[in-house]
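**Student:** Quick one: this structure, given as structure tokens, is what I'll be asking you about.
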Amino acid sequence: MLGPKYDDKVAEEYRFHPSMLCNYLKSLKINMGLLIDLTNTTRFYDRTEIEKDGIVYVKLQCKGHGECPTPENTETFIRICEQFHSKNPTKFIGVHCTHGFNRTGFLISAFLVEKLDWSIEASVASFAQSRPPGIYKLDYLKELFRRYGDVADTPAPPPLPEWCFEEDEEDGDEDNCKLGTPESEACSSTSFSGKRRKEHIKLGAVFLEGISVKHVIQVTVQPKLGEIQLKCQQFCGWKGTGFPGAQPISMDEQNIKLLEQKPYKVSWKADGTRYMMLIDGKNEVYMIDRDNSVFHVSNLEFPFRKDPRVHLENTLLDGEMIIDKVNGQVVPRYLIYDIIKFNAKPVGECDFNIRLSCIEKEIILPRHDKVKNGQIDKAQEPFSVRNKPFFDIHIAKKVKIFLISAEL
């Protein structure tokens, strides 16, 4: 499956564009709900052509080039398939790599063994029968039998397909795409060496219910997704899995006594959606929701106050997305109410007054200066960014109560 930009290299009778996929599946009476792309590139086609037909697209980059899918790749693949099937038992899952034999066959065979209790011999043979000639790389076959059987029982690989002149041809799909390029969403060709932990993946997550926000797209590419999740957890000192942000606590007869012991502050209760924001360089801004889903946000700039030509990085904020109405128009806004890291500095360990000052001085004002100088066009941004004001507790009667200790 290749996009139209490859038409000059493919004879008309052999072309298969992503836009043709939906009609082809209908002709087979197949209701496919998920497509997993195992290639290590995004240049083959535009994923939006798949998604516009209601098919969930997930990028799970597997390197190839003599490297079988790693145990982490395999675990992620199986988890994605399990989670999708549990919620959509009548829908099919599509899987492809560059040619659909080695990486695809490896992971499907692993799934059959781990989740359906097939033998590795039956799994490999069944895939070869369904997709002749099956897995034709000896190192892939050996690795499967090493993991799930006895490597001594590894069968001889089948003859190479007629079109394949070199054993490693299938793997020539690497590129160096970056987030925010016109071709793709998120992409990384580097391996993720951080500590792997099992994270829930919520497919088809919605950024804001009821409205479409431009320049915001869910990150489903591995290892990029895992890198972002782990970085936020490490910044928060969170040892477990899932969303690492602080959780709200309801006031009761016991903890209300804390108001006498510490200098709390108040703010109004906004009817918003909780998001942490990771700022990690130019065009590397991400929103993380309470399901630990990650969204990439483009066209949103955060200049460094001391040198506005430099973009902030290693910065983690906490806040909420709200929807305002201005002159009858819906306006999404991100209200920042806390900061955990600023340029890798642990400002989250400072008292709350210092953190509020840091948000205004280092996050809000540098953006405001660039807007005033015409260097940032707010009309092109996906949403506005503001700091949420807090007040001393003695005015609590005037504000819908939201309490936070100035010493946390």
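Since every read-out is calculated from the coordinates, none of them should be taken as a lab result. No experiment lies behind these values; they were computed from the predicted model shown. Neighbour counts are summed over all protein chains in view; Cβ atoms, including those assigned to glycine, are modelled from backbone coordinates with ideal geometry.
**Student:** Rounded to whole Å, give me the distance from the Cα center of segment 350-389 to that of segment 304-345.
**Tutor:** 6 Å
**Student:** Show the residues, 5+ positions off or on another chain, whose built amide H is closer than 5 Å to the amide H of V331.
**Tutor:** Result for V331 returns D324, K325, V326.
**Student:** So how far, in whole Å, is the C-alpha centre of segment 30-87 from the one of segment 101-153?
**Tutor:** 18 Å
**Student:** Then there is this: Which of the peptides 265-278, 16-29 is most tightly packed, and how do the rest follow, judged by the mean count of other Cβ atoms within 10 Å per residue? The partial results should precede the final answer.
**Tutor:** Working: 265-278: 18.1, 16-29: 13.2.
Going by the mean number of other Cβ atoms within 10 Å, highest first, we get 265-278, 16-29.
**Student:** Run the numbers for R15 and A344: contour at 0.36 nm per residue of separation, minus the present Cα-Cα distance, in nm.
**Tutor:** On the way: separation 329, 0.36 × 329 = 118.44 nm, distance 4.89 nm.
Length gained, R15 through A344: 113.6 nm.
**Student:** Place a label point 7 angstrom from the Cα of H200 along the Cα-to-Cβ direction, then list the residues of segment 220-246 whose backbone nitrogen is under 12 Å away.
**Tutor:** 241-243
**Student:** Once you put a point 7 Å from the Cα of L138 and another 7 Å from the Cα of K29, both along the Cβ direction, what distance in nm separates them?
**Tutor:** Computed distance between label sites L138 and K29 equals 4.5 nm.
**Student:** Between F391 and K214, 0.36 nm times their residue separation minus their Cα-Cα distance comes to what?
**Tutor:** Values: separation 177, 0.36 × 177 = 63.72 nm, distance 3.31 nm.
Stretched out fully, the F391 to K214 stretch lengthens by 60.4 nm.
**Student:** If the cut-off is a Cα-Cα distance under 27 Å, which lysines reach K5, setting aside same-chain residues fewer than 8 apart in sequence?
**Tutor:** Within the straight-line cut-off, K5 pairs with K26, K52, K59, K63, K178, K214, K224.
**Student:** Which FRET efficiency value, to the nearest 0.05, is calculated for D291 and L116 with the Förster distance at 25 angstrom and r the Cβ-Cβ distance?
**Tutor:** Values: r = 28 Å, r/R0 = 1.12.
Rounded to the nearest 0.05, the efficiency is 0.35.
**Student:** Considering only I217, I323, I201, give the residue with the highest GNM mean-square fluctuation for the chain, with springs between Cα atoms whenever their separation is below 10 Å.
**Tutor:** So, out of I217, I323, I201, the one fluctuating most is I323.
**Student:** Using r as the Cβ-Cβ distance of D7 and A379, and R0 as 35 Å, what FRET efficiency do you calculate, to the nearest 0.05? If you can, show how the numbers build up before the last one.
**Tutor:** Values: r = 36 Å, r/R0 = 1.04.
Once rounded, the FRET efficiency stands at 0.45.
**Student:** Efficiency by 1/(1 + (r/R0)^6): what FRET value for A125 and E82, r their Cβ-Cβ distance, R0 = 22 Å, to the nearest 0.05?
**Tutor:** Working: r = 23 Å, r/R0 = 1.06.
In this case the efficiency is close to 0.40.
**Student:** So what's the chain giving for Rg/Rh, alpha carbon basis, Kirkwood Rh from the mean inverse pair distance? Kindly include the intermediate steps, with their values, before the conclusion.
**Tutor:** Working: Rg = 24.9 Å, Rh = 24.0 Å.
Ratio of gyration radius to Kirkwood radius for the chain: 1.04.
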